[in-house]
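Colleague: There's a structure below that I have some questions on.
Coordinate-derived values only; no laboratory data. Because the structure is a prediction, the values reported are computed rather than measured. No Cβ is skipped: glycine too gets one built from the backbone with ideal geometry, and neighbour counts run over all protein chains shown.
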Amino acid sequence: MPELPEDLSTCSLEDVMISHAENRAWNKELRMRNTDLVNSRLAQRIGHDEYAVHRKVGVADALECKRRATVLANEITSRTRH
C-alpha cells in the first residue's frame, strides 16, 4: 500500500501526481492479485476458508485504494482548475 500523506495541502502538485500514479499501480496490482486468488480457488489450490480470508483483505484494500483515488483526484482537480 503506497504511503499517502495525511495533509495533501503540504505536498506539491508533482508529489500529488506521483501519489496518484502510485495509487493507480497499486490498483492494478490489487486486480491482478484478485484474479490470481480466484484462479487458485477455481483450480482448488486453496480452500474456501483461505479464499474467504484473502478476499476479505482484498476487498478492504480495494476500498482504501478507491478512497485514495477519489481524494487524489479531488486534490488534483482543485489545484488545476484555474
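Colleague: Among the numbered conditions (1) among the hydrophobic types (A, V, I, L, M, F, W, C); (2) touching a helix residue (DSSP H, G or I) at 6+ places or on another chain (Cβ under 9 Å); (3) farther than 20 Å from residue 7 by Cβ, tell me where residue 60 comes up short.
Modeller: (2)
Colleague: Considering only segment 5-45, how many residues are in a helix (DSSP H, G or I) and more than 26 Å from residue 75 (Cβ to Cβ)?
Modeller: Going through segment 5-45, the residues in a helix (DSSP H, G or I) turn out to be 8-10, 13-42.
Checking which are more than 26 Å from residue 75 (Cβ to Cβ) leaves us with 32-42.
The total comes to 11.
Colleague: If you go through segment 19-45 one residue at a time, how many are touching a Phe, Trp or Tyr at 6+ places or on another chain (Cβ under 8 Å) and under 27 Å from residue 3 (Cα atoms)?
Modeller: Of the residues in segment 19-45, 1 are touching a Phe, Trp or Tyr at 6+ places or on another chain (Cβ under 8 Å) and under 27 Å from residue 3 (Cα atoms).
Residues checked against (1) surrounded by fewer than 12 Cβ atoms within 10 Å (Cβ to Cβ); (2) closer than 20 Å to residue 17 by Cα:
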site	(1), (2)
44	yes, no
48	yes, no
56	yes, no
62	no, yes
70	yes, yes
79	no, yes
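Colleague: While we're looking at this one, here's another question. Output the qualifying pairs, or none if there are none: Cβ atoms under 8 angstrom, residues six or more apart or on different chains, first residue in segment 27-50 and free of Cβ contacts under 8 Å to residues at least 24 places away in the same chain, second residue surrounded by fewer than 11 Cβ atoms within 10 Å (Cβ to Cβ).
Modeller: Sorted first by the residue in segment 27-50, then by its partner, the pairs are 41/48.
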